[in-house]
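Here's the structure we're looking at; comments come further down.
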Amino acid sequence: MMGTDVATFATDEHDPATAVTRLAAMGFEFGPPRTVIRSLLETFDGRLYNAGLRLEVRECDGLQLILTGEGSARAQLIVSSIPRFPGDLPPGPFRARLVAVADVRALLPVLRVTATRVAGVRQNRAGKTVTTVTLYEHVCVDDHEVAPWTIEVDELAGYAKDASKARDALAQIGLSRLDGDTLTVVAAAAGVNLAGVTGPSGVPLDPIMPAIAGFRAVLAELGEGIVANWQGSIEQLDPEFLHDLRVAVRRTRSVLAEGKKVLPPAILARAVERFGWLGSVTGPARDLDVHLINWTTDTDPLAGDVVAALEPVHLLLKQRSEAAHTALTRILQSAEATELMTTAAAWWREPALDDRGGVDAERPLGKIVTKRIARAHANLINGGRLIKPDSPPDQVHDLRKDAKRLRYLLESFAGLLHETPRKAFVRRLKAFQDNLGEHHDAAIHVAELRAVSHELHLGHASSETMVAIGQLIRQLDQHRIATRLEFAEHFAAYDTKATQRDLDAALARATR
């Protein structure tokens, strides 16, 4: 993302001498050429770009981070090393601004540009700089030249006319104005998508297409989502890779469950078993990720000495997380896992001639999906109305799974539905899900802490640590109880005529 005060020009000609001469005649003074390296840091899903921000690293006499964005002031920070996460930066507005957008996602180098830079400055009679230009020559990405040269005109506050004269002069000698600054232009030329990987975009679906074609298209896209997050999960670049992989797996399992009468029975049975396995082996590492992500929030209400006494617990959770991720990496790199994804791609993209679908395979997709979503919603409503204050935890957990299954169907088959009412319905559903999710996470964390407490007790942990664990467990259990007591309020807000109207409106397009 670039500000509106930079205009970039270039031409097919390989010699920028004409442009430099014309600007020099206007009073610009140029400095010596210098080699510069400029890199862009971005999250895998393009959170900075989509928030209108850009984080650049400049390697020239040290490392400098530059954060820019439309409508906000440019910020600069000198660093000793390139940060992996926003939280690695020193406290202050720069870090806070990045953390607010990137959250737990890693800052990945998505573009590294090397060029020869020549800066030009024009001053007025009072010696005040009124316009700057920057010439970049031999602009390379990964040692491949992607642009012979570009020249940027930087409009300084209060001197718009001066910048306009420089832009007009460059245009008059035949230079073309480009869409974006040099980094933006180079990113496009190098095929770098600054918007990142944002998950399923929604495959084109038609209500009257055969159901089996629609189900296969959705499953193929979900498979691509799993693969997109596979290597990042192995390398543990950040916890969201595994989270997004698991979401794609769970969506796949939900679509498979609703495709019992649509997909080929032999393939369906195998896919249900295999993706069930993939879902189970990715669970332990993700549960520990969530625990560690929430650690600061969970311990903030406790006194400082209590938090300090909990450090052995924090360390043991990290060790457990590392062990869980190591085990998961071995699985994801195994022939068994590779075979699953290779075979699944063939199931959905290249079905064999003898893969006969189920009894509903040729029925209109819209009718099948509408029926499945309506039934999933009805099951959720009926199940929620059965929940009482004394209902067992398993019943609440099953309801949470029903809510997730409904949401996955709505997201996976979004291409069939009216967008506005669908989003309104999902907002209502998500608010209800958040309550169920907080209850579930608190219960999981309490169980994990009790296991850790037993292990530390056997290892003769200090009495201060054991007492602190008890305090943290009580606090989390109180939160679990509180969310359980709030269930009725959240469910009542979901179980309304307005919710049903939104769902009916969303499904109307699929039943035309």
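Would you check if His440 is free of Cβ contacts under 8 Å to residues at least 12 places away in the same chain, of a type outside the set (Phe, Trp, Tyr) and closer than 25 Å to Thr296 by Cα?
It is false that His440 is free of Cβ contacts under 8 Å to residues at least 12 places away in the same chain, of a type outside the set (Phe, Trp, Tyr) and closer than 25 Å to Thr296 by Cα.
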Is the stretch 168-184 home to any residue that is in contact (Cβ under 8 Å) with a residue 12 or more places away in the chain, of a type in the set (Lys, Arg) and assigned to a strand (DSSP E or B)?
yes
Test of understanding: among Arg450, Arg484, which residue is within 30 Å of the chain's Cα centre (by Cα) and closer than 26 Å to Gly283 by Cβ?
Arg484
Please go through the stretch 488-512 and pick out each residue that is touching a Pro at 6+ places or on another chain (Cβ under 9 Å) and either surrounded by fewer than 20 Cβ atoms within 10 Å (Cβ to Cβ) or assigned to a loop (DSSP other than H, G, I, E, B) (or both).
Ala488, Arg501, Asp504, Ala505, Ala508, Arg509, Thr511, Arg512
Return a yes/no flag: does the stretch 121-141 have any residue that is among the charged types (D, E, K, R), part of a loop (DSSP other than H, G, I, E, B), assigned by TED's automatic domain parsing to the domain that holds Leu183 and under 20 Å from Pro33 (Cβ atoms).
no
List the pairs whose first member sits in the stretch 339-364 and is in the same structural domain as Ala220 (by TED's automatic domain parsing) and acidic (Asp, Glu), whose second member is in a helix (DSSP H, G or I) and at pLDDT below 85, and whose Cβ atoms are under 7 Å apart, counting only residues at least 6 apart or on separate chains?
none
Every listed condition ((1) modelled with pLDDT of 95 or more; (2) under 15 Å from Thr8 (Cα atoms); (3) in contact with a helix residue (DSSP H, G or I) (Cβ under 7 Å, 6 or more places away or on another chain)) holds for Thr134 save (3)
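So if I check each of Ala73, Ala102, Ala10, Ala17, which one is modelled with pLDDT of 95 or more, out of contact with any Cys (no Cβ under 8 Å at 6 or more places or on another chain) and of a type in the set (Gly, Ala, Ser)?
Ala102
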May I ask you to verify whether Val452 is buried (at least 19 other Cβ atoms within 10 Å of the Cβ), in the same structural domain as Arg405 (by TED's automatic domain parsing) and farther than 22 Å from Pro392 by Cα?
yes
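If we keep just the residues of the stretch 18-43 that are under 19 Å from Arg167 (Cβ atoms) and of a type in the set (A, V, I, L, M), which is surrounded by the fewest Cβ atoms within 10 Å (Cβ to Cβ)?
Once the filter is applied, the top-ranked residue is Ala25.
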In the stretch 201-211, is there at least one residue being touching an Asp or Glu at 6+ places or on another chain (Cβ under 9 Å), outside the structural domain of Arg253 (by TED's automatic domain parsing), surrounded by fewer than 17 Cβ atoms within 10 Å (Cβ to Cβ) and closer than 17 Å to Leu409 by Cα?
yes
Looking at the stretch 278-392, what helices (runs of 4 or more DSSP H) fall wholly within it and have at least 3 residues that are under 29 Å from the mean Cα position of the chain (by Cα) and of a type in the set (A, V, I, L, M)?
283-293, 311-332, 335-349, 365-386
Looking only at the stretch 89-137, which residues are over 22 Å from Leu183 (Cα atoms), surrounded by fewer than 19 Cβ atoms within 10 Å (Cβ to Cβ) and in contact with a Ser or Thr (Cβ under 6 Å, 6 or more places away or on another chain)?
Gln123
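Quick grid of which residues meet (1) without any contact (Cβ under 8 Å) to a residue 60 or more places away in the chain; (2) touching a Phe, Trp or Tyr at 6+ places or on another chain (Cβ under 8 Å); (3) more than 16 Å from Ala442 (Cα to Cα):
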| residue | (1), (2), (3) |
| --- | --- |
| Leu288 | no, no, no |
| Asp300 | yes, no, no |
| Gly304 | yes, no, yes |
| Ala324 | yes, no, yes |
Scanning the stretch 47-84 for residues that are among the hydroxyl-bearing types (Ser, Thr, Tyr) and surrounded by fewer than 14 Cβ atoms within 10 Å (Cβ to Cβ), the one farthest from Arg117 (Cα to Cα) turns out to be Ser72
Collect the residues in the stretch 276-310 that are among the acidic types (Asp, Glu) and out of contact with any Ser or Thr (no Cβ under 8 Å at 6 or more places or on another chain), keeping them in residue-number order.
Asp287, Asp298, Asp300, Asp305
Which of the residues that make up the stretch 443-462 are charged (D, E, K, R) and under 13 Å from His314 (Cβ atoms)?
Glu448
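The values are calculated or read from the model by the stated rules, or taken from the named source; none is laboratory data. Owing to the predicted nature of the structure, the values given are computational and were not obtained by experimental measurement. Virtual Cβ from ideal backbone geometry, glycine too; neighbours counted across all protein chains shown.
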